[in-house]
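Coordinate-derived values only; no laboratory data. Nothing here was measured: the structure is a model prediction, and the numbers come from that model. Using ideal geometry, Cβ is built from the backbone for each residue, glycine included, and neighbour counts are taken over all protein chains shown.
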Amino acid sequence: MPRVTTTDDHDDALTYLRRGLRLHARLDYVGGVCGPWAIDHNSPSAVWFHLVTHGAGYVHSPTWPQPLRLAEGDLVLFLPHAPRHYLAHSAAEPQFGAPGAAKVPLKDSPTGLVCGLIELVTPISPLWLALPGEIVIRRQESGGALAQLMELIVTEARAPGFASESLIERVFDACFVLVLRHCIESGLVRAGALAAFQDRRVARALGLMHAEPARAWTVNELAAKVAVSRTVLNERFAAVVGSSPMKYLTALRMHLAAGWLLEAGASVAAVAERCGYDSASAFSRSFSHHHGVTPGAWRRRRGVAT
């Protein structure tokens with residue numbers, strides 16, 4: 001049985017991860033549905049989430065031998081690597097554009113939904129691929145802070161007030177961190193950095209690197225701070241994360257850089273410094289090796305002026 005880290009270990013690394021990767025929820029729909037409704041929210045670049053406020057719906061996906069029923073308070077998330085899937089009003093084969101299917105006010109509907117998405121800068125990175133493509137959290141399984149936040153979202157959806165949508169989006173930012181923690185603590189993460197949070201020493205080392213990715217870390221310094229030998233840290237990192245600490249640090253910097261390059265007004269030189277590189281050319285070589293394109297090409301592909 002793997003040793004699970006403390007909440008502080010989880011929160012530190014996961015919070016830095018969310019901030020660095022600009023993981024911010026954006027609402028797509030808050031309301032009711034009626035009739036033979038069906039939803040197609042497949043995306044190659046975003047995490048879609050659906051919270052059932054009341055009523056029920058069904059997930060149609062190869063992941064489940066039979067369509068999976070979602071009830072009031074259940075949350076489902078679909079990552080970009082999820083198999084093609086749909087949400088629908090029943091277990092019957094979904095029919096899009098069926099007569100009688102409609103969006104209606106939440107209070108007038110047999111089923112209510114809060115739907116939104118989180119855009120991922122690097123959706124096919126090992127970080128996200130280590131998670132299940134579909135994550136289902138039942139109302140009775142959520143527990144603690146996650147249950148309270150989900151209930152807050154439902155409350156705001158049912159009785160919206162000033163800036164309710166903005167509030168729901170920011171609450172779901174926190175929910176997403178707790179969903180990641182739920183996956184870690186429930187053993188749903190297969191490998192890599194997220195799975196490493198189950199090892200106290202490796203998690204602490206990850207937290208340090210995530211907190212200061214630009215720092216010129218060495219294995220000796222990290223090992224001293226987590227109170228193990230250099231050899232033990234290297235061995236634990238290799239066993240749990242699948243790479244050395246320094247290779248992970250480089251991958252983390254490149255992962256963060258991919259997001260930072262999309263910020264308005266960010267120059268390659270500024271991002272290089274933010275990642276801890278002494279020169280833009282050295283950073284560009286590392287970025288190209290990791291992502292297969294130059295920083296400038298990365299920005300152009302995403303419509304950012306260079």
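For this structure, a couple of remarks:
- Eligible aspartates and glutamates near Lys247 by straight Cα distance, threshold 17 Å, same-chain separation 8 or greater: Glu212, Glu221, Glu235
- For Lys107, the aspartates and glutamates whose Cα comes closer than 20 Å to its Cα, not counting residues fewer than 8 places off in the same chain, are Asp28, Glu72, Asp74, Glu151, Glu156, Glu165.
- Size of charge dipole - the chain - debye, nearest 20, with Cβ of Lys, Arg +1 and Asp, Glu -1, no other charges: 820 debye
- Cα convex hull volume per residue for segment 41-193 (Å³): 121 Å³
- Kirkwood hydrodynamic radius computed over the chain comes to 20.9 Å, based on all pairs of distinct alpha carbons.
- Relative to the longest principal axis of the Cα atoms of the chain, the long axis of helix 200-211 makes an angle of roughly 90 degrees.
- The ellipsoid equivalent to the alpha-carbon distribution of segment 154-275 has semi-axes of 32, 22, 11 angstrom, derived from the gyration tensor eigenvalues as √(5λ) and listed largest first.
- Exposed-site-free run, longest, the chain (rule: chymotrypsin sites (Phe, Trp or Tyr not before Pro); DSSP loop; at most 13 other C-beta within 10 Å): 163-306
- Take the Cα of Tyr29, step 7 Å toward its Cβ, do the same at Ala159, and the gap between the two points is 2.6 nm.
- Positive dipole terminus of the chain, leading residue within Pro105, His50, Pro36 (C-beta point charges): His50
- Neighbour count of at most 13 Cβ within 10 Å plus DSSP loop: longest trypsin sites (Lys or Arg not before Pro)-free window in the chain: 216-301
- Think of the chain as having a plus end and a minus end, set by charges on the Cβ of Lys, Arg, Asp and Glu; of Val271, Pro67, Ala195, Val271 sits farthest toward the positive end of this dipole.
- Along the chain, counting only GluC sites (Glu not before Pro) with a DSSP assignment other than H, G, I, E or B and at most 14 other Cβ atoms inside a 10 Å radius, the longest segment between sites is 73-262.
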